[in-house]
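A.B. asks: After the structure tokens below, expect a handful of questions from me.
The values are calculated or read from the model by the stated rules, or taken from the named source; none is laboratory data. Bear in mind that the values here come from a model prediction, so they are computed numbers and not experimental data. Cβ coordinates were reconstructed from backbone atoms using ideal geometry, including for glycine residues, and neighbour counts include every protein chain displayed.
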């Protein structure tokens, strides 16, 4: 008998089976590979961060949903989420076959659905396409998309999408927004009770909202706690304690510190940007609280703006654009820290610094405070009184108008706005006409931040700095406003001003200002480390009767500095070239101020004339000093460099000044009659 040929048939059957399996596998792979993917880039809201990384303010996405980029997340939450929702998340390919078999078996045994088989990846698929899931077709579509996602993304990227998209009730999406809304905290550290609630909410976000359905929220949370306890994620003691923790009764507001600043920064940045700032959150809260208290009881919708900065670095530490940004009666939406207003008398220190630097005057120089006409204009002091002969120190301390206008005429009115521009400010003149003498009394517009920036240059002994609240944007500016000696002399005078009632004496150097018609009340000051400004008034520019900078703004300025702590940053000591002498011992030309026609007019018969170096020259000194020559004038002569006396009482018309550079030098020579000549040169070593 011949034996049947079975083996070739078995081989053929096996080969056919393998081919069918391979074909099915290839077809399945093609089916997954051709899955249309929804956009995987999930829009998030813009965030503005404080210097310590905490959230100053968050903005909703375009459709009004609160959705933030995930930040650091408590690892205990992640472990609990995976243990509860998808124990094999790190191992399956998007669909968990064991979970599918378990769910199917439960349906057969119980006759109804007991538990689902959705993995975290399938939940992400549902959230991405925002489609229905109650049908078999919907589940199949989710499974296909989940398998495709697992091929394109790694597990951490899938988990990141879940942390962005999971719903938590209302317009809250994502774990971070949920932790802030329900617990007022970042999800870096969560209690077991908070973790359980944040796991339970996405399963039915509207029916379990704690603020609307607290009982349902608590029951769902406790079920999660029990499951986590059974899985060994929580101990019985921690589970018992977590069940006793109350459910949040209401949704919390998202942080909104520095609302005007954050609004401005957000508007200038692409959507979804994370903006880092130099704002100190504690100082910002203190400043906003102080602002609310400052306007309490004020009539006429008075508001307030503040800027506080570190003038050594240029970093803005706190900024208040208005007392209450939601108060429409006070036009709270207007950022008054950026609104150009009249600075009143707060610009007077810069006129004195320029005059000191040019050798026109010294703090102890005498000047007249008497009725005087400048063309058709006859300025008067604020109190309409005259003090007669006063020192420059007294004139600045008393904020007299006539002396500062006399100095402005001698300097030329353009010098003041030009100096402000060198400080990085943008002063606005009332018309296209050249500036007039009234600029020294506040006859121009400047916003509070620019004014504080100008005072930062004064605090830095003439070296300007660009202030900024954006991290890394503050920086020193080139050039100088005036010499270190002149800046120190002005700061020393301002530091001796009497503080407002309750203020700490000698805490800061400061100046107040009140604009025409009592529209603006200001106070600006600095210590050895910080500079700050306070503006008070109405946003619409309406006068506030009886409003003075010394009464309204100065007390707030001193309180703002008190928020920096009890330690005081002392003002710097006088530079070595500072002339610390009483009036009687000053060089004769500096004992009494002479107006422009006496001090500057080179057409005056016999006035001194510098024949070398020429104005604007670059001179190489080779370390041997600067040779100067002059003719005319009546000896003895006094030479000043950057406002500081360098050579006093010399009768020589050719001499060597002890200057070796490098850098810019403003030279002034005064003769016995107070007549002057000037040269500006650049020294090269």
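A.B. asks: Among the listed residues 284, 338, 312, which satisfies the condition of being assigned to a loop (DSSP other than H, G, I, E, B), within 13 Å of the chain's Cα centre (by Cα) and over 15 Å from residue 552 (Cβ atoms)?
C.D. replies: 338
A.B. asks: Which one of 531, 544 is in a loop (DSSP other than H, G, I, E, B) and surrounded by 19 or more Cβ atoms within 10 Å (Cβ to Cβ)?
C.D. replies: 544
A.B. asks: Can you tell me which of 350, 333 is surrounded by fewer than 22 Cβ atoms within 10 Å (Cβ to Cβ) and within 26 Å of residue 517 (Cα to Cα)? If you could, list the steps in order and put the result at the bottom.
C.D. replies: Values: 350 fails: surrounded by fewer than 22 Cβ atoms within 10 Å (Cβ to Cβ).
Just a single option satisfies the conditions, and that option is 333.
A.B. asks: Another one. Just one of 462, 424, 442, 472 is closer than 25 Å to residue 50 by Cα and touching a helix residue (DSSP H, G or I) at 6+ places or on another chain (Cβ under 6 Å); which is it?
C.D. replies: Going through 462, 424, 442, 472 in turn, the sole match is 424.
A.B. asks: In addition: Can you find a residue that is buried (at least 24 other Cβ atoms within 10 Å of the Cβ), part of a helix (DSSP H, G or I), in the same structural domain as residue 66 (by TED's automatic domain parsing) and without any contact (Cβ under 8 Å) to a residue 40 or more places away in the chain anywhere in the stretch 201-219?
C.D. replies: yes
A.B. asks: Still on this model: Among the residues in the stretch 346-361, are any part of a strand (DSSP E or B), in contact with a helix residue (DSSP H, G or I) (Cβ under 7 Å, 6 or more places away or on another chain) and assigned by TED's automatic domain parsing to the domain that holds residue 464?
C.D. replies: no
A.B. asks: Also, I was wondering about something else. Regarding the stretch 503-525, can at least one residue be identified that is in contact (Cβ under 8 Å) with a residue 12 or more places away in the chain, assigned to a strand (DSSP E or B) and either outside the structural domain of residue 447 (by TED's automatic domain parsing) or on the phi > 0 side of the Ramachandran plot (or both)? Outline the logic, then answer.
C.D. replies: Going residue by residue through the stretch 503-525, those that are in contact (Cβ under 8 Å) with a residue 12 or more places away in the chain are 503-504, 507-525.
Those left that are additionally assigned to a strand (DSSP E or B): 509-514, 520-525.
Restricting the remaining residues to those that are either outside the structural domain of residue 447 (by TED's automatic domain parsing) or on the phi > 0 side of the Ramachandran plot (or both) gives none.
No, the conditions are met nowhere in the stretch 503-525.
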